[in-house]
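Okay, so here's the structure we're looking at.
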Amino acid sequence: MQKLYKPVRIGFIIAIMAIMTTIFVSALYRLQIYDDRPEEFELHEDAIITRVVTLAAARGNIYDRNGVLLASGRPAYNIMINRDTLMRYPTTYRNEVAWELVSSCMDEGIKYNDAFPITMGAPFTYVTNMTSDQRMRLSRYLDFMKLDENISASDLLAWMRGHYMIDFMTSNAEARLIIGVRYELEIRAIVTNLAPYVFANDVGSDFVAVLEERGLPGVFIENSYVREYHTSNAAHVLGYLRPIPSGQLEKYIEMGYPLDALVGIEGAELAFEEILRGINGSQSIKTNENGTVLETVTYEEPIPGQHVYLTIDIGFQVAVENSLRSHIESINLGRDETVEKIPGGSVVVLDVQTGEVLAAASFPTFNRATLTQDAMALFTDQNQPMWNRAMQGQYNPGSTFKMITALAGLRHGVFSSKYFPVNDIGVYSVLYDDTGSYRPSCWIHQQVGYGHGELDLVQALERSCNYYFCYIGDRVLGGEARGADAIAQVAREFGLGQSTGVEIPEVSGIMATPEYTSTVLGRDWYRADTVMTSFGQGNNQFTPIQLANYSATIANGGFLHSLTVLRKVVSSDMSELLFIHEPVVLNEFEEKEYLEWIQEGMRAVARSRNGTAYSVFGDYPVNVAAKTGTVQIEDQDINNGVFICYAPAENPEIAISVVIEKGGSGAQVMAIARTVLDYYFGTQITAFTVPYGELIP
């Protein structure tokens, strides 16, 4: 029987199909990437072009607790280039459109977007601060065009002049500007998940009118919103907006974000992104080749975002930031070249009854208005101004940890009365391991050669006696690892070394336990480690906001609150209250009497003539309870200064933590807390500081 389909025929048919497919793909390639339409192609006014545009939704506003506007959205115009429309025209005409746009912006002093990573002027070289996105796009471009990845900038420009058929009469500088636009368009055909090309952001209505009058093909105006911040303060608290980070693109796309969306980066903008963001609408626009609009159809109306009220008081925030900055600058100014400067610090203020953050300052800080221009300098600054020290800085607590040891000692029966005496002889000796001993000394021994003598709990807190707390910590559950775990448990109950609940990104810190030491540091836990931890040294690392909450928990009688920067949320039209913060208690201490003894000791720190904070708060018109701390940093000559307090001591309202890197003793940072209290209580008393160099724990 004769076969209906012979192998030769089948092969012939497959060959014909392969040839036709190759021709089709080549034609499509030329149409999409090269020109591909002959110069003599005649345009027809009755050709219909349909494009779907986004109707931008207004982002919700951010207010402070009193309704002061901190961030809002302003309607704006963006200039867009529709590549599909422009590709209908010959390549030389595309160059004319690109030059028309660029020259118009230059004439009007309008900044436009050009991310082509070659300098604008001769000698043409690759930009030195090329971003990772620029490198990726350039690499993809070179690979697609089959160019040597090591091609020089000048050779690449020469090749691109020919590729885009730029007239030989055009100067190299002008050619570079045209190439910048052509590259932005072409890279979007090569890397398909890039956002549409926004040629210029936030242009004025006069410039929009000029462009619309010129009717440049493929160029259209899109309505948008520009985020405006009405304060230069609270940069770390508010955060800022940026294009979706490349590593998070998939996540945001799954949430319905367009590729060109701006999203919250850090601060409240990130924390409340889903509340603040609106939902964009969409619209179909039909035009002819000349750009005349023939029909507009709206598919979805945009839904504006909701408004957020923060817990911070912006006036108070400004005062806290100014106090932190001015004191750090003053201390630095008084240091000679042999003494390291303070790189930074933080202040956090909490409402002790609600867990609301009233102010959170980090220094140095940054200016959102110039963030784009300053980005490289900011991210390479060794003092790390972009770092939110208040919620992400990790610091040893120093002597502020001593109340933890006191409560652990009371809880586990080391002593049962605030009058329990310990004789401070100056140096506490403890066996470290088989090779030697650990001999921590009390701070007063370092100055005068002897200890405090016999002290009770209140006096030990008042004078910040290291020896007393070495003695107590060394006897909790027999010392060693069990005692260390018991002390760490009390610290956790005060919220140290764990999340505070605050919505702004924070770190949990480090709780130095036997388990941590074994698994992370790779060594055994010794009795000396327990002793070291007991008076606030060791490897514990806590954030300033945790230290403030620790102070607040002591102040309010043992209620650990979940912290928040969100006071309430209202609907976009301000007609409906959608959320209001109610205090959330994470833990309550049952040892009320023990806490009262600790409170008494903290009051003595500020009010007693022997108290380590008396020099600043002894005559203060508002009664303050406090604890100073000096943190010895390995391989550094200058200690960190740590200070916590709350006030009024009898009926507490606010709790404060201050951490100053390389600030010296805790006494050096007390003046910052005093000026913060001045503002809050309206005392308007100028704080003074003890002389620099006087070591007070």
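Averaging 1/r over every pair of different alpha carbons in the range 334-486 and inverting the result gives a Kirkwood radius of 19.2 Å. Temperature 25 °C, viscosity 0.890 mPa s: under these conditions the Stokes-Einstein estimate for the range 347-406, based on its Kirkwood radius over C-alpha pairs, is 175 µm² per second.
Computed across the range 424-488, the Kirkwood hydrodynamic radius from all distinct Cα-Cα pairs reaches 12.6 Å. Computed over the range 53-181, the P(r) tail beyond 24 angstrom holds 45 percent of alpha carbon pairs. I need the fraction of alpha carbon pairs in the range 121-201 separated by more than 23 Å, rounded to a whole percent. Counting every Cα pair in the range 121-201, those more than 23 Å apart make up 20 percent. In units of the rule-of-thumb radius 2.2 N^0.38 Å, the range 170-232 shows an alpha carbon radius of gyration of 1.43. Note on exposure: Glu149, Glu329, Glu321 ranked by accessible area (1.4 Å probe, complete protein assembly) read Glu149, Glu329, Glu321, with the most exposed listed first. With respect to the chain, whose longest principal axis is taken over its alpha-carbon atoms, helix 132-144 is tilted by about 30°. Taking only C-alpha pairs under 8 Å that are 6+ residues apart, what is the relative contact order of the chain in percent? This gives 13 percent for the chain. The angle separating the long axis of helix 7-32 from the principal Cα axis of greatest extent in the chain is about 70 degrees.
Computed 3J(HN,Hα) for the range 306-317, one whole-Hz value per residue from the Karplus formula 6.51 cos²θ - 1.76 cosθ + 1.60 where θ = phi - 60°, is 8, 9, 10, 10, 7, 7, 6, 9, 5, x, 5, 4, glycine and proline marked x. In a fully extended conformation the segment linking Val507 and Met376 would gain 44.7 nm over its present Cα-Cα distance, using 0.36 nm per residue.
The spread of Cα positions in the range 415-528, taken along each principal axis and listed from longest to shortest, comes to 45, 36, 29 Å.
Here the spin labels are modelled as points 7 Å beyond Cα on the Cα-Cβ line, and at Ile279 and Phe168 they lie 5.9 nm apart. For a paramagnetic label modelled on Leu55 (point 7 Å from Cα along Cα→Cβ), amide N atoms under 19 Å away belong, within the range 285-326, to 285-287, 293-306. Maximal additional length on extending the Asp619-Asp143 stretch stands at 164.1 nm, based on 0.36 nm per residue less the C-alpha distance.
Taken over the range 495-538, the alpha-carbon convex hull comes to 83 cubic angstrom per residue.
Of the chymotrypsin sites (Phe, Trp or Tyr not before Pro) in the range 349-457, the ones in a loop by DSSP (not H, G, I, E or B) with at most 12 other beta carbons within 10 Å are Tyr419. Relative to the compact-globule estimate of 2.2 N^0.38 Å, the Cα radius of gyration of the range 137-276 comes out at 1.34.
Spin-label model, Gln498/Thr296: points 7 Å from Cα along the beta carbon direction are separated by 5.6 nm. Remark on Ile504: its backbone amide H falls under 5 Å from those of Val565, a criterion applied only to residues 5 or more positions apart or on other chains, H modelled at 1.01 Å from N. Phi angles of the range 471-477 translate, via the Karplus equation with coefficients 6.51, -1.76, 1.60 and θ = phi - 60°, into HN-Hα couplings of 4, 5, x, 6, 10, 5, 6 Hz per residue; Gly and Pro are given as x.
For the range 152-169, backbone phi angles converted through the Karplus equation (6.51, -1.76, 1.60; θ = phi - 60°) give residue-by-residue couplings of 6, 4, 5, 5, 5, 4, 4, 5, 5, 4, x, 4, 9, 6, 7, 3, 5, 7 Hz, Gly and Pro being listed as x. Extension gain, Tyr252 to Gln353: 0.36 nm times the residue separation minus the Cα-Cα distance gives 32.7 nm.
Using a probe of 1.4 Å on the protein chains alone, the accessible area found for Tyr93 is around 70 Å².
Taking 7 Å steps out from each Cα toward its Cβ at Arg439 and Trp159 produces label points 7.2 nm apart. Helices in the chain, meaning DSSP H runs of at least 4 residues, each add -39500 (n - 2.57). Divided by all residues, the mean residue ellipticity at 222 nm is -10500 deg cm²/dmol. Pairs of Lys residues in the chain that lie 8 or more places apart, or on two chains, and have C-alpha atoms under 16 angstrom apart add up to 4. Residues with amide H under 5 Å of Ile654's amide H, sequence separation 5 or more or different chain, H placed in the peptide plane at 1.01 Å from N; which? Distant-sequence amide H within range of Ile654: Val352, Ala647. When all protein chains stay in place and ligands, DNA and RNA are ignored, the 1.4 Å accessible-area order of Thr287, Thr298, largest first, is Thr298, Thr287. Of the peptides 569-577, 352-360, the ranking by mean beta-carbon count within 10 Å, highest at the top, reads 352-360, 569-577.
In a shell of Cβ-Cβ distance under 12 Å around Ser72, excluding Ser72 itself, what net charge do Lys and Arg (+1) and Asp and Glu (-1) give? Provide the component values of the computation, followed by the final result.
On the way: positive: Arg59, Arg74, Arg227; negative: Glu228.
Here the charged neighbours net out to +2.
The alpha carbon radius of gyration of the range 79-155, expressed as a multiple of 2.2 N^0.38 Å, is 1.27. Entry note: the range 546-683 has Rg to Rh equal to 1.06, where both radii use alpha-carbon atoms and Rh is the Kirkwood radius.
In plain terms, the C-alpha convex hull of the chain casts an average shadow of 45.7 nm² when viewed from every direction.
The values are calculated or read from the model by the stated rules, or taken from the named source; none is laboratory data. Note that the coordinates shown come from a computational prediction; the quantities given were computed from them, not determined experimentally. Ideal geometry is used to build each Cβ from the backbone, glycine not excepted, and the neighbour counts take in all protein chains shown. The protein model used for the area step is the full one, side chains on, heavy atoms only, and it has no ligands, DNA or RNA in it. Shrake-Rupley method; radii C 1.70, N 1.55, O 1.52, S 1.80 Å.
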